[in-house]
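The values are calculated or read from the model by the stated rules, or taken from the named source; none is laboratory data. No experiment lies behind these values; they were computed from the predicted model shown. All Cβ positions, glycine included, derive from the backbone under ideal geometry; neighbour counts span all protein chains shown. Ligands, DNA and RNA are stripped out before the accessible areas are found, and what is left, the full protein with its side chains, is counted by its heavy atoms. Shrake-Rupley method; radii C 1.70, N 1.55, O 1.52, S 1.80 Å.
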Amino acid sequence: MKLTGNLLIGAQEVSATGGTMKALNPATNVEIEPHFALGGIEDVDRAAQLADAAFDSYNRTSLPERAEFLERIADGLDVITPELAQRASLETGLPVAQLEGEAAKSAVQFRQFATVVRQGRFRQATIDPAQPERQPRARVDHRMQKIALGPVAIFGASNFPISYSVAGGDTASALAAGCPVILKAHNGHPGASELMGRVIQQAVRDSGLHEGVFSLVRGGGNEIGEALVDHPLIKGVTFTGSEGGGMALFRRAQQRPDPIPVFSEMTSVNPTFVLPAALAARGGTIGDGFTERMLVTVGQACLKPAILLAIDGPGYLELKEAMISRVEAMQARTMLTPGINAAYRKNVERQSNAGAKRIAAGGDPQGVWDGQSVLFEADGARMLESPSLSEEVFGPAALLVRVKDQEQLTAIARQFRGQLSATMQIDPADHPLAARLLPLLERRTGRIVVNAFAHPQEVSYASIHGGPFPATSDSRFTSVGMSAIERFLRPVCYQGFPDELLPEALQHDNPRGIWRLTDGELSKA
Ligand code: NAP
């Protein structure tokens, strides 16, 4: 597929209105062809007008029609996978094989959401039939279903340039809900973004949908993102990135005359608690497994396990030595963007300044944007005195915390801000302490893992990739998994409607045979 570098506004190709940019190969520090168009406020407005015009018809597509559209996107992704992975690798420095896996995951997400759409349960159809004889007052017929929020803006993530970018889980779940999408492409991988955008644009065309169902915009600063959040026709926003960026957009959306929800996924250190019996039985194995996981994708993953806490005692030395030897054996590798590399270096410095001791380092950087792996150690008292040690270092760095006793361990657990995940490494003798930790972790995380490590999120019905602030801006929702669709829905109640005016999901004979809650009972009747 030939890259034109244009913005995709509905069915139109739009050339630059706000200058141009080129992608950077971070491994060679050399710019790559072609020039990519940067848009302006007028491009956002055009995309929003089109999305608004598309909303009513797209929100009312039948379930099979919408599912087929999602499957067309998945098929299109399958076709371009080799080309997409090659381009994304050039633009991010990530290995081609990993990116092929991401493309496969993206296609799977679209197919899974097609199934969710066909099942129709996301509508949460609920029927309270009329009870004219009820005393002391008759009950009127009222029925509820969930409908799409409206046109939404999605900020593509930098760190998973395919599966959480243009054709990522946010786009799949928004389109599944019935929301037209305006995608703000991340400038870290503009070519990969265009390839995915074209697949979605083609699927819109092939499905006979209104062109405004999908647009892709790109900008040269904050202006375009701000314009999206401010636009009166945009009704919701999703974001993955820094806490500063996510909260700036969140606050902006709350200051609109009509505030809208912003679902920001921002920062998490995914603490691992190694309890004493597990430490004594398999400290070395745990240290090795933790560090291996930490180094995956050059530490640039939201689920990267970044902090390991263990009570000093039998097994601690083996754990520490295993972590040191993994880190020392690791070559420096290319990081995603110069900005992410600069932030990494600064945050490694911050850990040293906050009193963490550097106990191991990997190979020296060879390329300009290489990230050197680093392992820090601090004791529990230092951790309690310096809360900044618990902040994210986005990149291949981890902190080992030598904890004095159980009381100190629970005190540190209480100090953590909201997390996407937390892990407990336990043996049966650790269960009483694990039971004490559990309520502390439940209050602070969206996912609790036992005897494994946080890993790339499984995309399934029970998946939760969310958590209290600052992991996300709204702990009630997940950005990964089938229930991610709930971010894009709102309930509408229909009272006293004639059957033919009711939405399909609420009609008397249930034409699609979906699960409904009728008078409090779940059935397909
Ligand atoms: P970012 O700087 O937050 O940017 C993400 C996207 O949001 C970009 O498209 C950016 O547009 C836009 N944006 C950011 N702030 C904005 C603002 N105030 N107004 C309007 N638009 C705004 O994230 P990043 O580039 O992916 O990486 C930077 C840092 O984010 C990393 O070093 C890391 O600390 C963190 N991060 C964390 C995770 C995680 O999952 N925990 C994932 C990715 C990144 P422009 O580029 O055009 O400004």
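Mind telling me which of the residues 114, 85, 103 ends up being farther than 26 Å from residue 369 by Cβ, in contact with a helix residue (DSSP H, G or I) (Cβ under 8 Å, 6 or more places away or on another chain) and either open to solvent by less than 70 Å² (accessible area, probe 1.4 Å) or in a helix (DSSP H, G or I) (or both)?
114
Would you pick out the residues in the range 165-200 that are over 22 Å from residue 227 (Cα atoms) and either over 15 Å from the mean Cα position of the chain (by Cα) or open to solvent by 10 Å² or more (accessible area, probe 1.4 Å) (or both)?
Within the range 165-200, 176, 177, 178, 191, 192, 195, 196, 198, 199, 200 qualify.
Just give me the residues in the range 423-450 being part of a loop (DSSP other than H, G, I, E, B) and either of a type outside the set (Val, Ile, Thr) or in contact with a Ser or Thr (Cβ under 6 Å, 6 or more places away or on another chain) (or both), in sequence order. Explain how you work it out, then say what you get.
So the first thing to find is which residues in the range 423-450 are part of a loop (DSSP other than H, G, I, E, B), and the list is 426-427, 446-447.
Answer for the range 423-450, where residues must be part of a loop (DSSP other than H, G, I, E, B) and either of a type outside the set (Val, Ile, Thr) or in contact with a Ser or Thr (Cβ under 6 Å, 6 or more places away or on another chain) (or both): 427, 446, 447.
In the range 195-216, which residues are among the polar types (S, T, N, Q) and in a helix (DSSP H, G or I)?
Selection gives 201, 202.
Quick check, is residue 31 touching a strand residue (DSSP E or B) at 6+ places or on another chain (Cβ under 9 Å), over 30 Å from residue 461 (Cβ atoms), outside any helix (DSSP H, G or I) and of a type in the set (D, E, K, R)?
Yes; evaluated as a whole, the condition is true for this residue.
Considering 505, 525, 471, which residue is over 13 Å from the mean Cα position of the chain (by Cα), open to solvent by less than 30 Å² (accessible area, probe 1.4 Å) and of a type in the set (Gly, Ala, Ser)?
Values: 525 fails: open to solvent by less than 30 Å² (accessible area, probe 1.4 Å); 471 fails: over 13 Å from the mean Cα position of the chain (by Cα).
Just a single option satisfies the conditions, and that option is 505.
Please work out which residue is farthest from the ligand (Cβ to nearest atom), limiting yourself to the range 157-188 and to residues that are in contact with a strand residue (DSSP E or B) (Cβ under 6 Å, 6 or more places away or on another chain) and free of Cβ contacts under 8 Å to residues at least 60 places away in the same chain.
Across the range 157-188, the extreme among qualifying residues is 171.
Here are 453, 497, 469, 477: which of them is assigned to a loop (DSSP other than H, G, I, E, B), within 21 Å of residue 60 (Cβ to Cβ) and among the hydrophobic types (A, V, I, L, M, F, W, C)?
Just one listed residue meets the conditions, 497.
Name the residues in the range 135-151 that are in a loop (DSSP other than H, G, I, E, B) and either under 17 Å from residue 117 (Cα atoms) or open to solvent by less than 40 Å² (accessible area, probe 1.4 Å) (or both), would you?
141, 149, 150, 151 - these are the residues of the range 135-151 that are in a loop (DSSP other than H, G, I, E, B) and either under 17 Å from residue 117 (Cα atoms) or open to solvent by less than 40 Å² (accessible area, probe 1.4 Å) (or both).
Residues being among the small types (Gly, Ala, Ser) and more than 16 Å from the ligand (Cβ to nearest atom): count how many of those fall in the range 384-399.
1
So for the range 444-453 (the condition being more than 27 Å from residue 353 (Cβ to Cβ), open to solvent by 10 Å² or more (accessible area, probe 1.4 Å) and in contact (Cβ under 8 Å) with a residue 40 or more places away in the chain), does at least one residue qualify?
Within the range 444-453 (the criterion being more than 27 Å from residue 353 (Cβ to Cβ), open to solvent by 10 Å² or more (accessible area, probe 1.4 Å) and in contact (Cβ under 8 Å) with a residue 40 or more places away in the chain), the answer is yes, since at least one residue qualifies.
Every residue, every condition in (1) among the hydroxyl-bearing types (Ser, Thr, Tyr); (2) under 30 Å from residue 336 (Cβ atoms), yes or no:
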{"site": "239", "(1), (2)": "no, yes"}
{"site": "261", "(1), (2)": "no, yes"}
{"site": "264", "(1), (2)": "yes, yes"}
{"site": "276", "(1), (2)": "no, no"}
{"site": "290", "(1), (2)": "no, yes"}
{"site": "314", "(1), (2)": "no, no"}
{"site": "320", "(1), (2)": "no, yes"}
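Go over the candidates 156, 169, 178, 150 one by one and state the one that is modelled with pLDDT of 95 or more, under 25 Å from residue 122 (Cβ atoms) and touching a Cys at 6+ places or on another chain (Cβ under 9 Å).
Sole residue among the options that is modelled with pLDDT of 95 or more, under 25 Å from residue 122 (Cβ atoms) and touching a Cys at 6+ places or on another chain (Cβ under 9 Å): 150.
Give the number of residues within the range 217-236 that are outside any helix (DSSP H, G or I), near the ligand (Cβ under 10 Å from one of its atoms) and crowded, with 24+ Cβ neighbours inside 10 Å.
Residues in the range 217-236 being outside any helix (DSSP H, G or I), near the ligand (Cβ under 10 Å from one of its atoms) and crowded, with 24+ Cβ neighbours inside 10 Å: 2 in total.
Please enumerate the residues belonging to the range 124-156 that are within 29 Å of residue 110 (Cα to Cα) and away from the ligand (no atom under 16 Å from the Cβ).
Within the range 124-156, 124, 125, 126, 144, 145, 146, 147, 148, 149, 150, 151 meet the criteria.
Take the range 393-418 and flag every residue that is open to solvent by 40 Å² or more (accessible area, probe 1.4 Å) and closer than 20 Å to residue 443 by Cβ. Even if it seems obvious, please write down each step before you answer.
Initially, the range 393-418 is screened for residues open to solvent by 40 Å² or more (accessible area, probe 1.4 Å), giving 394, 402, 404-407, 414-415, 417.
Answer for the range 393-418, where residues must be open to solvent by 40 Å² or more (accessible area, probe 1.4 Å) and closer than 20 Å to residue 443 by Cβ: 406, 407, 414, 415, 417.
Inside the range 384-408, can you point out the residues that are over 30 Å from residue 92 (Cβ atoms), among the polar types (S, T, N, Q) and in a helix (DSSP H, G or I)?
Scanning the range 384-408 gives 406, 408.
Residues that are surrounded by fewer than 18 Cβ atoms within 10 Å (Cβ to Cβ) and more than 10 Å from the ligand (Cβ to nearest atom): does the range 237-248 have at least one?
No, because not a single residue in the range 237-248 is surrounded by fewer than 18 Cβ atoms within 10 Å (Cβ to Cβ) and more than 10 Å from the ligand (Cβ to nearest atom).
Given the criterion open to solvent by less than 50 Å² (accessible area, probe 1.4 Å), in contact with a helix residue (DSSP H, G or I) (Cβ under 7 Å, 6 or more places away or on another chain) and within 26 Å of residue 467 (Cα to Cα), identify the matching residue among 252, 256. Show your work before the answer.
Numbers: 252 fails: open to solvent by less than 50 Å² (accessible area, probe 1.4 Å).
Criteria check complete, one pass: 256.
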